[in-house]
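Remarks on the structure that follows.
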Amino acid sequence: MTVAKPLFYLHTPNDGERWQALFAAELPDFDVVAAPAEVDPARVQYLATWRPPEGLFGRFANLRAVFALGAGIDRFMQRSDLAPGVALVRLTDAGMAQQMCEYVLAGVLRYQRDLDRYARQQADALWQPLPGRAAAELRVTVLGLGEIGGAVARTLALLGYAVAGWSRSPRELAGVRCLHGWDSLPTLLAASDVLVNLLPSTPETHGLLNHERLAGLPKGAAVINAGRGEQLEESALLALLDAGHLRGAQLDVLGLEPPGQNHPFWHHPAIVLTPHIAAATLLGPSARQVAGKLRGLLRGETVPGLVDRERAY
Ligand code: NDP
Ligand code: OXD
């Protein structure tokens, strides 16, 4: 009698065949099946997915673990069909940290080296050097010092920027002035020339960058948001840019993606928009990492990226 292999089910918005081939190679002891192929719902215990359709999890009564094929699991936390007893595991770096370092550095350089101002001068046919600013004079604050924010803060510090970072619990990172907790936030914001948001979206961080906090940045500060759109009050950002309090913003994430055609950010001269590409999921490293985490779970380990449902990240 042959014993059926355990089943690993994949539901991804695209690249289904590539994911399936990668996971099949990583998990030879599993039957790897990718949607839209039919599957016996009772056999689905392990599922990897990104942007799961409503009701997906509820179909599988024997589900044990869901692997998010991304770092931010806020959309998973909002799901009523994901039972509390099912382990939710997210990607931890898997090649995203380096991409995020590049994305943030592009923004930091834009503001440090006045590339935004020179673009405006060029439009006016104006050849006018501006006073320069050394990296060490630019105060960059990174909100969120986890897998991705921590790598960004360390990288910027290595490049000589005056980096501060903010987290929920105490952290120590080489070259980074680390602060934690709500009480430290106002002083930190007041000393930030560039504010980088890399926090996970949770009930605590939702709307964190509101008018009061953005107004607490020094005049001429810039904002880079690659965390989640819901964390930034868009109308407050707009008002502070238009009032000349803030200098500019580089935004990879918005409350509604894609934004409507009439969204004021599209044509705002001080806003650079990118379509949620700051750090993409890399298929090979991610499949390898998820397979490793699955094997860890089967050995009864607490694997990296296991989401704490109470904390919501
Ligand atoms: P981690 O969970 O590794 O790190 C989260 C960090 O945020 C931790 O330092 C944590 O503090 C801190 N934090 C959480 N809640 C609070 C709070 N209430 N107050 C202060 N600090 C808090 O996440 P990642 O670094 O892997 O990812 C971060 C986010 O980046 C993702 O959730 C996602 O939203 C976004 N992202 C965006 C991408 C893009 O392309 N735009 C791509 C990938 C991720 P502590 O250290 O104390 O736990
Ligand atoms: C992620 C993202 O969280 O793509 O991985 O934003």
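Conditions tested, residue by residue: (1) over 19 Å from the mean Cα position of the chain (by Cα); (2) away from ligand 2 (no atom under 16 Å from the Cβ); (3) aromatic (Phe, Trp, Tyr).
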{"site": "VAL152", "(1), (2), (3)": "no, no, no"}
{"site": "THR155", "(1), (2), (3)": "no, yes, no"}
{"site": "LEU159", "(1), (2), (3)": "yes, yes, no"}
{"site": "ALA162", "(1), (2), (3)": "yes, yes, no"}
{"site": "GLY165", "(1), (2), (3)": "no, yes, no"}
{"site": "GLY181", "(1), (2), (3)": "yes, yes, no"}
{"site": "THR187", "(1), (2), (3)": "yes, yes, no"}
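Looking at the structure I just gave you, is LEU126 closer than 30 Å to PRO304 by Cα, open to solvent by 70 Å² or more (accessible area, probe 1.4 Å), away from ligand 1 (no atom under 16 Å from the Cβ) and out of contact with any Leu (no Cβ under 7 Å at 6 or more places or on another chain)? Here the answer is no, as LEU126 does not meet what is asked. Taken over region 34-78, residues that are among the charged types (D, E, K, R) and either more than 17 Å from TYR313 (Cα to Cα) or surrounded by 21 or more Cβ atoms within 10 Å (Cβ to Cβ) (or both) amount to 6.
Assess whether LEU130 counts as being assigned to a helix (DSSP H, G or I) and either hydroxyl-bearing (Ser, Thr, Tyr) or over 19 Å from ALA106 (Cα atoms) (or both). No, not satisfied. Within region 252-266, at least one residue is modelled with pLDDT of 95 or more, within 16 Å of ligand 2 (Cβ to nearest atom) and buried (at least 23 other Cβ atoms within 10 Å of the Cβ).
Kindly indicate whether ASP31 is farther than 18 Å from ARG228 by Cα, over 16 Å from the mean Cα position of the chain (by Cα), within 16 Å of ligand 2 (Cβ to nearest atom) and open to solvent by 40 Å² or more (accessible area, probe 1.4 Å). No, not satisfied.
For a quick check of your reading of the model, give me the residue pairs whose first member lies in region 277-296 and is open to solvent by 40 Å² or more (accessible area, probe 1.4 Å), whose second is more than 16 Å from ligand 1 (Cβ to nearest atom) and of a type outside the set (Asp, Glu), with beta-carbon atoms closer than 9 Å and at least 6 apart or on different chains. Close Cβ pairs satisfying both conditions: ARG288/LEU22; ARG295/LEU27.
Scanning region 184-204 for residues that are within 11 Å of ligand 1 (Cβ to nearest atom), exposed (fewer than 15 other Cβ atoms within 10 Å of the Cβ) and either in a helix (DSSP H, G or I) or among the hydrophobic types (A, V, I, L, M, F, W, C) (or both) turns up just one, SER184. Scanning region 71-110 for residues that are within 11 Å of ligand 1 (Cβ to nearest atom), out of contact with any Asp or Glu (no Cβ under 6 Å at 6 or more places or on another chain) and among the polar types (S, T, N, Q) returns a single hit, GLN99. Applying the condition of being surrounded by 16 or more Cβ atoms within 10 Å (Cβ to Cβ) and more than 12 Å from ALA87 (Cβ to Cβ) to region 297-313 and asking which residue is nearest to ligand 1 (Cβ to nearest atom) yields TYR313. What do you reckon, is VAL152 within 11 Å of ligand 1 (Cβ to nearest atom) and part of a strand (DSSP E or B)? No: the conditions fail for VAL152. Is it the case that region 118-135 has a residue that's in contact (Cβ under 8 Å) with a residue 12 or more places away in the chain and acidic (Asp, Glu)? No, region 118-135 has no match at all. Filtered by the rule that a residue be hydrophobic (A, V, I, L, M, F, W, C), within 16 Å of ligand 2 (Cβ to nearest atom) and in a loop (DSSP other than H, G, I, E, B), region 267-297 gives ILE277, ALA278, ALA279, ALA280, LEU282.
Annotation note: of ASP81, ASP15, ASP31, the sole residue that is touching a residue at least 12 places away in the same chain (Cβ under 8 Å) and in contact with a strand residue (DSSP E or B) (Cβ under 8 Å, 6 or more places away or on another chain) is ASP31.
The values are calculated or read from the model by the stated rules, or taken from the named source; none is laboratory data. Here the structure is a predicted model, which is why all the values come from computation and not from measurement. When we count neighbours, we look across all protein chains shown, and the Cβ atoms used for this are built from the backbone with ideal geometry, even at glycine. When the accessible area is computed, the model is the full protein with side chains, heavy atoms only, and any ligands, DNA or RNA have been set aside. Shrake-Rupley method; radii C 1.70, N 1.55, O 1.52, S 1.80 Å.
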